[in-house]
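To keep things clear, I will list the structure first and then write my remarks on it.
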2 protein chains.
Amino acid sequence: MSPAQIEREAIRLFSEKTYPLVGMRDISDAVELLPGSLYVHITSKEDLLLKIVERGIGIYLSALTPIVESEKPAQDRIRDVISSYLRLLDANLDITKIAMFQWRYLNGENLASILELRDQIDGLFVRVVTDGIAAGEFNSVRHPHVVAISLVGLLSSTAQWYSVQGALSADDIAEQLSDIVLGGLTG
Amino acid sequence: MSPAQIEREAIRLFSEKTYPLVGMRDISDAVELLPGSLYVHITSKEDLLLKIVERGIGIYLSALTPIVESEKPAQDRIRDVISSYLRLLDANLDITKIAMFQWRYLNGENLASILELRDQIDGLFVRVVTDGIAAGEFNSVRHPHVVAISLVGLLSSTAQWYSVQGALSADDIAEQLSDIVLGGLTG
DNA sequence: CCTACCGATCGGTAGG
DNA sequence: CCTACCGATCGGTAGG
């Protein structure tokens with residue numbers, strides 16, 4: 001048994017039932033250990049969640065940061081961010097649901113450290129939106145921050161209805177959303 | 001003591017800490033009753049959540065349905081739906097957070113009945129989007145359903161960052177979002 | 001609406 | 001990694 005296997009089952013269970021509704025006994029059953037034996041491998045239930053959320057947000061931060069920091073026009077960066085986001089969602093649906101919606105169950109320092117990571121995500125979207133406006137690619141807009149975090153909200157919400165074996169591929173959805181979003185930002 | 005007062009405190013507590021993290025003893029403390037005495041007024045914790053979620057979704061359904069069913073151009077209806085949504089959010093922030101995000105804690109028939117209400121909400125947005133395309137007001141689009149539920153997702157997500165005493169009014173935000181969304185749908 | 005309490009379950013630990 | 005168990009808390013009820 002390894003911490004990674006425990007984390008794997010915890011991701012499955014947290015994404016299915018949400019953190020407070022998953023007992024340590026659910027996790028220990030899934031990895032065929034007795035409840036107390038979990039603590040050989042992990043520190044606490046909350047620490048398990050923390051690591052999952054950190055890794056989940058990290059997946060998005062590490063993929064999207066170089067896209068936003070690239071030299072491309074903002075329009076291309078928006079398109080790349082959206083298609084990258086949807087591909088990551090397809091490949092990481094369970095951990096994404098936890099990272100985007102269940103960080104609220106963290107407390108104290110754990111919560112504070114995750115809020116910083118979330119701010120980094122928001123910052124990426126603010127940056128590409130304001131870059132596009134500054135470059136004259138996007139319409140000037142009264143509240144660029146509202147536009148940016150609404151885009152984050154739109155993309156986050158896809159995790160609630162996206163299905164890996166659904167009729168629409170991640171690329172189909174990304175193309176559809178990019179067209180609409182870029183139409184709204186330009187012209 | 002009335003069921004309405006219990007519901008009022010439950011809304012405050014559920015929106016602040018989420019349903020599973022609120023104990024019946026938290027609620028009974030808030031209304032200055034002993035835990036067991038709550039059950040003179042309510043049936044169960046889950047029934048309390050059910051009624052809150054039903055009422056919360058009902059607020060949006062009853063306001064948005066006549067807007068979507070009006071004879072106005074789809075563009076005007078989109079603008080009206082967005083501004084109405086933000087005004088309702090401002091006036092009902094706590095119950096909105098519960099109605100939009102905490103229905104997941106319902107089970108069985110309770111969950112099923114709420115999923116029907118949620119489908120009605122989605123249906124309103126699908127309708128106004130497809131109407132606008134049919135009328136030639138909006139660009140033809142490969143997946144109108146994706147556009148519609150993404151708009152629902154965007155609006156739902158506002159409950160997670162909107163603050164009643166924030167720098168931006170609900171009307172400011174609605175105007176900003178309408179401009180972007182209509183820009184994306186038209187032209 | 002209170003008194004008094006129920007069985008179940010929770011996250012977690014001591015000691016081996 | 002198991003045995004055995006901890007105190008705390010959970011939603012809810014019987015009887016008055």
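Please treat every number below as a calculation from the coordinates, not as lab data. Quick caveat: nothing in here was measured; it's all calculated off a predicted structure. FYI the Cβ positions are ideal-geometry reconstructions off the backbone, even for glycines, and counts take in every protein chain you see.
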Would you pick out the residues in the stretch A:141-150 that are facing chain B (nearest Cβ under 8 Å) and either in contact with a strand residue (DSSP E or B) (Cβ under 7 Å, 6 or more places away or on another chain) or closer than 18 Å to A:ARG79 by Cβ (or both)? A:VAL147, A:SER150
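Within the stretch B:42-68, restricting attention to residues that are within 14 Å of another protein chain (Cβ to nearest Cβ) and in contact (Cβ under 8 Å) with a residue 40 or more places away in the chain, which residue is nearest to DNA strand D (Cβ to nearest atom)?
Filtering the stretch B:42-68 down to residues within 14 Å of another protein chain (Cβ to nearest Cβ) leaves B:45-46, B:49.
Retained after the next criterion (residues that are in contact (Cβ under 8 Å) with a residue 40 or more places away in the chain): B:46, B:49.
Details: B:GLU46: 6, B:LEU49: 10 Å.
So the residue we want is B:GLU46.
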Just to be sure I understand the filter: pairs with C-beta atoms under 8 Å, separated by 6 or more residues or on different chains, first member in the stretch A:24-36 and without any contact (Cβ under 8 Å) to a residue 24 or more places away in the chain and more than 13 Å from A:SER2 (Cα to Cα), second member assigned to a helix (DSSP H, G or I) and near DNA strand D (Cβ under 7 Å from one of its atoms). Which pairs pass? A:MET24/A:PRO35; A:ARG25/A:PRO35
With the condition kept exactly as written, say whether any residue in the stretch A:31-40 is more than 15 Å from the chain's Cα centre (by Cα) and closer than 25 Å to B:ASN107 by Cβ. yes
If A:LEU117 satisfies every condition in (1) within 11 Å of chain B (Cβ to nearest Cβ); (2) of a type in the set (A, V, I, L, M); (3) surrounded by fewer than 20 Cβ atoms within 10 Å (Cβ to Cβ) but one, which is the exception? (1)
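Quick one: count up the residues across the stretch A:13-25 that are more than 12 Å from DNA strand D (Cβ to nearest atom) and surrounded by fewer than 17 Cβ atoms within 10 Å (Cβ to Cβ).
The total comes to 2.
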Picking from A:SER37, A:SER62, A:SER84, the residue that is out of contact with any Pro (no Cβ under 6 Å at 6 or more places or on another chain) and near DNA strand C (Cβ under 8 Å from one of its atoms) would be A:SER37
B:ASP80 out of contact with any Cys (no Cβ under 6 Å at 6 or more places or on another chain) and within 15 Å of DNA strand D (Cβ to nearest atom): no
Which residue is nearest to the other protein chains (Cβ to nearest Cβ), if the candidates are limited to the stretch B:159-187 and must be in a helix (DSSP H, G or I) and surrounded by fewer than 17 Cβ atoms within 10 Å (Cβ to Cβ)? B:ASP172
